[in-house]
Each structure stands twice: as structure tokens, then as C-alpha cells.
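The values are calculated or read from the model by the stated rules, or taken from the named source; none is laboratory data. Fair warning: this is a prediction, and the values are worked out from it, not measured in the lab. In this analysis, Cβ positions are derived from the backbone assuming ideal geometry, glycine residues included, and neighbour counts consider all displayed protein chains.
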């Protein structure tokens with residue numbers, strides 16, 4: 001819970017105590033109520049409203065009504081139990097997440113582009129055959145801190161994105177709307193760090209995912225000297241919101257009525273779209289570097305040092321992109337769903353260094369077989385790294401959302417901040433080794449993180 005929320009709840013508890021105190025102390029009740037109401041108003045104004053606080057105001061109202069005519073059989077123990085369950089528990093189980101502080105030497109800046117690929121027709125829409133493929137791309141980069149700057153929001157358009165994220169998790173529409181209150185460690189339009197060129201990374205999210213769910217990893221990478229471009233794959237992402245107010249909703253669902261072979265065919269077609277998205281973004285980054293696209297990053301990108309990474313279907317996207325485009329010099333996949341990767345890609349493997357990081361096994365063993373075949377067939381250095389006790393979503397920010405998620409089968413056994421730390425650190429180590437040519441002892445990560453099992457193929 002946030003500091004002012006804690007103060008508000010403590011004052012509520014004190015109100016309850018004065019109401020059930022001896023008569024000589026009850027005279028403090030109304031003073032405490034007034035102080036609590038003021039504290040609640042300050043909390044609302046300073047920290048921002050979230051629905052978890054509503055039970056607190058409701059509880060205060062109940063206390064006020066009870067003070068006029070106390071129920072005969074209502075004990076302090078019952079009131080305290082109701083207070084903990086109804087008021088305190090929702091805020092503890094669904095907190096405003098605290099993203100880990102990036103460990104690198106740089107501050108982090110960010111800005112967002114709306115790019116249109118006029119060479120590609122949008123296949124997800126049938127409203128207008130003239131629709132061109134358009135993407136929202138957010139870039140994070142090493143920056144110079146500016147005094148008085150405010151952190152960028154965790155996600156944009158909370159009125160649209162909050163309900164969409166809630167629906168993706170099968171929660172009520174209001175459940176995650178409060179997460180726009182999360183403070184990032186990135187600053188919009190902050191000045192770029194001077195003096196050097198930075199390697200470039202492009203990140204691809206999973207099916208029904210979004211770039212925002214990888215913010216902690218992206219900020220960590222940017223703080224260590226990388227420029228990271230993360231896109232929303234339009235109509236495959238949870239939702240994308242364009243500058244004109246229109247949105248691209250999720251349209252990639254494949255229902256159980258579709259046969260397995262047909263679903264793989266559809267996903268392969270979708271994968272081709274994703275690969276072209278990533279390649280298009282690299283094209284745009286090259287345009288930024290040359291100055292053809294005006295940007296503070298012009299002349300500051302090391303286009304010879306480019307990597308790609310992704311989670312789930314974004315991992316498959318990263319593999320297929322690396323196979324087709326040798327501009328990408330390193331590939332990292334996070335718990336990749338790989339059944340739609342082309343057979344030819346699996347058979348020939350990758351030339352670039354490759355790191356697979358994920359669960360010890362997938363529910364569908366065919367996925368494990370394909371990943372291991374890809375690793376074995378690769379000509380570049382290839383690592384197969386697993387983390388015991390992890391869940392598919394542990395390779396995003398989701399384990400930070402609530403300690404309760406592991407009981408809903410949406411997070412693994414490793415505490416949220418611990419798993420985020422491990423994933424972030426190993427990702428930085430991999431790209432430092434293969435894009436920055438740093439002397440990184442990647443082989444001995446098991447000694448630092450007992451949860452890790454690492455196999456090196458080449």
C-alpha cells in the first residue's frame with residue numbers, strides 16, 4: 001500500500017477504537033472521524049483514486065451510523081474482522097505496483113511514435129481495403145535527468161486500457177483500472193545521454209499482450225545503455241490507441257472449434273505479420289539514425305548492434321525475425337510459444353547467439369521439442385535456460401501485480417520482485433556479452449541464482 005493509504009487506514013482503525021472505548025474516550029470519536037476524512041481527501045488528491053479505497057469510506061460511514069445507535073450484539077472482534085477483510089485486504093492483494101529501480105548508470109527517457117507502413121495492407125480489418133498497417137511504438141533510451149521532471153505513466157489511456165487488461169485476465173472490467181497510478185522510472189522527452197552510440201533492441205509482446213507489461217525489463221535495459229523499441233502489434237495486442245482516438249482491439253482469438261492444424265496455419269500467417277512489424281521498426285530506426293526521421297536519437301544509434309527479444313508468441317516472432325533478417329545480431333526469447341515457427345527455421349537453426357529463458361516444461365510437450373531442436377540446430381552460441389517454479393506470465397511485469405496471482409495460476413512460486421530481478425539481470429548479461437562484447441561470465445549464473453538451470457549447446 002502507498003504511504004497515505006496506510007495513514008488513512010490507521011486513522012480508520014483509531015476511529016473504530018474510540019467508538020468501542022470507554023465512555024470518557026468516545027468524545028474523541030468525531031474529531032477522529034474529521035481527521036480521517038481529511039486524510040482520505042489528501043490521499044485521494046495526492047496519490048490518486050483507486051477503487052480499493054471505496055470500502056474504507058464505506059466503513060467510515062458505517063462507523064458514523066453505528067455511533068448513533070450501536071448494535072447490541074456487534075462486538076469489536078467482528079468489526080475488526082470486517083475491517084481487515086473488506087477494507088485492508090483489497091488494497092494489500094491488489095496494490096499499486098512498485099516497479100524495481102533500474103540498476104544501470106543511466107536515467108531513462110521515453111517517447112512514443114505512431115508509424116504507418118504504407119507498403120502493407122492491414123489484414124485484420126475488412127472495413128476498408130485501403131487500410132495500411134499502423135503501429136504504436138514506444139522507445140526507451142539512456143537519458144540525462146532533468147530536475148522537476150515527472151515519470152511517464154505506466155500505461156496510456158486508462159479509460160480504454162484498464163478495462164481491456166482486466167478483461168484479458170478474466171477479471172471484472174474495473175479490476176486493473178488503477179494501475180495507471182503506477183510510477184515508472186522513465187521520463188517523457190528527456191534529453192539523450194551524450195557521447196556514445198547505443199545498441200538497439202526491439203521487443204515483441206505475446207498474444208493479447210502489450211508493451212507496457214515489459215516496462216521493468218525495458219527500463220533496466222535502457223539504464224544499461226540500450227535503446228529499446230517496443231511495439232504494440234495492432235489487433236494482436238490487448239489494445240492499441242492511435243493519436244486520432246481510434247483503437248485497434250484484439251482480433252487474433254482462435255476458438256476451440258478450430259482444428260489444431262488450422263490454428264497453427266492461422267498463427268503462422270499472424271507470425272508473418274509480426275515479423276514484418278519488427279523489420280519495419282528496424283527500418284524506421286535506421287531512418288532515425290540517418291536523420292531521415294527527425295529525432296533526438298539521430299546519429300546516436302549503433303545500427304550494427306541490434307538485438308531482438310520477445311515473450312511467448314513474441315519469442316516466436318523474435319526467432320523468425322532473426323532467421324529472415326541478418327541485421328539482428330542476437331536473439332532472446334522468454335518462455336516462447338513456438339508451434340507457429342516455420343519448420344525450415346527450426347531445421348536450420350539461427351546463426352546469431354540465442355538465449356531461451358523459460359519454464360522447465362510446457363503443458364504441450366511439442367513446444368519443448370521444437371525449442372530444443374532449434375537450440376541444437378543453431379550455428380551460433382545457443383543457451384537453454386530454465387527457471388524452476390515459474391509460470392508463463394513470470395516473464396512479464398504481471399507477478400508484481402499481486403501476491404495472490406499464484407493462487408489463480410497466473411504467477412509461479414518465486415516472489416514477484418525476485419523473478420523480475422532474475423529475468424532482468426540475465427537479459428542484460430546476454431545482450432552485454434553479444435552486443436557490447438563485454439566479458440560476461442554467463443556460464444556461472446547458476447551460482448548467483450539457484451533457481452536457474454543452464455544448458456549450453458555450442
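Has the stretch 156-168 got any residue that is touching a strand residue (DSSP E or B) at 6+ places or on another chain (Cβ under 7 Å), within 15 Å of residue 213 (Cα to Cα), assigned to a loop (DSSP other than H, G, I, E, B) and not assigned by TED's automatic domain parsing to the domain that holds residue 310?
Within the stretch 156-168 (the criterion being touching a strand residue (DSSP E or B) at 6+ places or on another chain (Cβ under 7 Å), within 15 Å of residue 213 (Cα to Cα), assigned to a loop (DSSP other than H, G, I, E, B) and not assigned by TED's automatic domain parsing to the domain that holds residue 310), the answer is no, since none of the residues qualifies.
May I ask you to say which residue of 233, 224 is over 18 Å from the mean Cα position of the chain (by Cα) and under 20 Å from residue 309 (Cβ atoms)? Reasoning before the result, please.
Details: 233 fails: over 18 Å from the mean Cα position of the chain (by Cα).
Of the residues listed, the single one that is over 18 Å from the mean Cα position of the chain (by Cα) and under 20 Å from residue 309 (Cβ atoms) is 224.
Taking into account only those residues within the stretch 432-452 that are out of contact with any helix residue (DSSP H, G or I) (no Cβ under 7 Å at 6 or more places or on another chain) and in a helix (DSSP H, G or I), which is surrounded by the most Cβ atoms within 10 Å (Cβ to Cβ)? Spell out how you get there, then give the answer.
Within the stretch 432-452, the subset out of contact with any helix residue (DSSP H, G or I) (no Cβ under 7 Å at 6 or more places or on another chain) is 432, 434-437, 439, 441, 443-444, 446-448, 450.
From what's left, in a helix (DSSP H, G or I): 432, 434, 443-444, 446-448.
Values: 432: 19, 434: 24, 443: 10, 444: 8, 446: 12, 447: 9, 448: 12.
Ranking the qualifying residues of the stretch 432-452, first place goes to 434.
Looking at 109, 48, 104, which is the one that is in contact with a helix residue (DSSP H, G or I) (Cβ under 7 Å, 6 or more places away or on another chain) and modelled with pLDDT of 90 or more? Explain how you work it out, then say what you get.
Numbers: 109 fails: in contact with a helix residue (DSSP H, G or I) (Cβ under 7 Å, 6 or more places away or on another chain); 48 fails: modelled with pLDDT of 90 or more.
Testing whether each residue is in contact with a helix residue (DSSP H, G or I) (Cβ under 7 Å, 6 or more places away or on another chain) and modelled with pLDDT of 90 or more leaves just 104.
What number goes with the only condition from (1) modelled with pLDDT under 95; (2) outside any strand (DSSP E or B); (3) over 18 Å from the mean Cα position of the chain (by Cα) that residue 278 does not pass?
Looking at each condition in turn, residue 278 falls short on (1).
Can you tell me which residue in the stretch 324-340 is modelled with the highest pLDDT, limited to those that are buried (at least 21 other Cβ atoms within 10 Å of the Cβ) and farther than 28 Å from residue 302 by Cβ?
Quick first cut of the stretch 324-340, residues buried (at least 21 other Cβ atoms within 10 Å of the Cβ) only: 328, 330-338, 340.
Checking which are farther than 28 Å from residue 302 by Cβ leaves us with 335, 337-338, 340.
Details: 335: 96, 337: 91, 338: 90, 340: 89.
Here the answer is 335.
Among the residues of the stretch 402-417, how many are under 19 Å from residue 334 (Cα atoms) and outside any helix (DSSP H, G or I)?
7
For residue 117, are the conditions met, namely being in contact with a helix residue (DSSP H, G or I) (Cβ under 7 Å, 6 or more places away or on another chain), closer than 24 Å to residue 202 by Cα and either modelled with pLDDT of 90 or more or not in a helix (DSSP H, G or I) (or both)?
Details: in contact with a helix residue (DSSP H, G or I) (Cβ under 7 Å, 6 or more places away or on another chain): yes; closer than 24 Å to residue 202 by Cα: yes; either modelled with pLDDT of 90 or more or not in a helix (DSSP H, G or I) (or both): yes.
Here the answer is yes, as residue 117 does meet what is asked.
Can you work out which of the residues in the stretch 170-215 that are under 23 Å from residue 296 (Cα atoms) and out of contact with any strand residue (DSSP E or B) (no Cβ under 8 Å at 6 or more places or on another chain) is modelled with the lowest pLDDT? Reasoning before the result, please.
Here is the first cut: in the stretch 170-215, the residues under 23 Å from residue 296 (Cα atoms) are 184-203, 211-212, 215.
The next check asks that each one be out of contact with any strand residue (DSSP E or B) (no Cβ under 8 Å at 6 or more places or on another chain); those that pass are 194-196, 212.
Numbers: 194: 86, 195: 80, 196: 88, 212: 93.
It comes out as 195.
Output the qualifying pairs, or none if there are none: Cβ atoms under 9 angstrom, residues six or more apart or on different chains, first residue in the stretch 427-446 and more than 18 Å from residue 335 (Cα to Cα) and not assigned by TED's automatic domain parsing to the domain that holds residue 219, second residue surrounded by 12 or more Cβ atoms within 10 Å (Cβ to Cβ) and at pLDDT below 95.
If the second residue must be surrounded by 12 or more Cβ atoms within 10 Å (Cβ to Cβ) and at pLDDT below 95, no pairs are left.
Give the residues of the stretch 170-190 that are more than 15 Å from the chain's Cα centre (by Cα) and closer than 25 Å to residue 143 by Cα, sorted by residue number.
187, 188, 189, 190
Would you tally the residues in the stretch 139-148 being in a loop (DSSP other than H, G, I, E, B) and either modelled with pLDDT under 80 or within 20 Å of residue 231 (Cβ to Cβ) (or both)? Give the derivation first.
At the first step, the residues of the stretch 139-148 found to be in a loop (DSSP other than H, G, I, E, B) are 144-148.
Then drop every residue that is not either modelled with pLDDT under 80 or within 20 Å of residue 231 (Cβ to Cβ) (or both), which leaves 146-148.
Matching residues across the stretch 139-148 total 3.
Among (1) touching a residue at least 24 places away in the same chain (Cβ under 8 Å); (2) assigned by TED's automatic domain parsing to the domain that holds residue 279; (3) in contact with a helix residue (DSSP H, G or I) (Cβ under 7 Å, 6 or more places away or on another chain), where does residue 79 come up short?
Single failed check for residue 79: (2).
Among the residues of the stretch 359-389, write down those that are in contact with a helix residue (DSSP H, G or I) (Cβ under 6 Å, 6 or more places away or on another chain) and crowded, with 19+ Cβ neighbours inside 10 Å.
362, 370, 374, 382, 384, listed by residue number.
Looking only at the stretch 51-97, filter to residues that are surrounded by 12 or more Cβ atoms within 10 Å (Cβ to Cβ) and not in a helix (DSSP H, G or I); which one of those is modelled with the lowest pLDDT?
Only one residue fits best here, namely 74.
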